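The values are calculated or read from the model by the stated rules, or taken from the named source; none is laboratory data. For clarity, every value in this text was computed on a predicted model and none was experimentally measured. As a convention, Cβ positions derive from the backbone with ideal geometry for all residues, glycine included, and neighbour counts pool all protein chains shown.
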């Protein structure tokens, strides 16, 4: 497992303070996506899929449990990533604007953090 992913799950599980650099966020996203895909395959293999109006949704209980277990640390890393680019964690609500909100958030997640200290802490690149 990746050190960033394990660090977030253990020491930073519900830490909404501070800043998270791009690498930390994207490594978390990569491993989280792999785990969800594995859970989806496992649900399909074991026949645990949910159905909606007779249609197989492709995921089931294992996927749901994995998603719930990662909800708090996922929100925490998003908030810390937004802090790194100089935005409040509440700025994540912009994703509720169809299409434009998603694109804007994606651009922020790909943008390098503020080089100097900001109100959420010092630059994580200078610390590591």
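Looking only at region 95-128, count every residue that is part of a helix (DSSP H, G or I), at pLDDT 95 or above and loosely packed, with under 15 Cβ neighbours inside 10 Å and tell me the total. Summing the residues that are part of a helix (DSSP H, G or I), at pLDDT 95 or above and loosely packed, with under 15 Cβ neighbours inside 10 Å in region 95-128 gives 9.
So that you can scan it fast, the table gives a plain yes or no per residue for (1) exposed (fewer than 14 other Cβ atoms within 10 Å of the Cβ); (2) modelled with pLDDT of 95 or more; (3) assigned to a strand (DSSP E or B):
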position: 1; (1), (2), (3): yes, no, no
position: 12; (1), (2), (3): no, no, no
position: 56; (1), (2), (3): yes, no, yes
position: 68; (1), (2), (3): yes, yes, no
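Taken together, the residues in region 88-121 that are at negative phi and in contact (Cβ under 8 Å) with a residue 24 or more places away in the chain amount to 10.
Residues that are part of a loop (DSSP other than H, G, I, E, B) and surrounded by fewer than 16 Cβ atoms within 10 Å (Cβ to Cβ) within region 79-94 comprise just one, 88. When 39, 76 are screened for being surrounded by 15 or more Cβ atoms within 10 Å (Cβ to Cβ), more than 24 Å from residue 125 (Cβ to Cβ) and at pLDDT 95 or above, only 39 passes. Of all residues in region 14-47, those that are assigned to a loop (DSSP other than H, G, I, E, B) and either touching a residue at least 40 places away in the same chain (Cβ under 8 Å) or within 11 Å of the chain's Cα centre (by Cα) (or both) total 8. Residue 27 meets each of the listed conditions (1) over 30 Å from residue 122 (Cβ atoms); (2) surrounded by 13 or more Cβ atoms within 10 Å (Cβ to Cβ) apart from (1).
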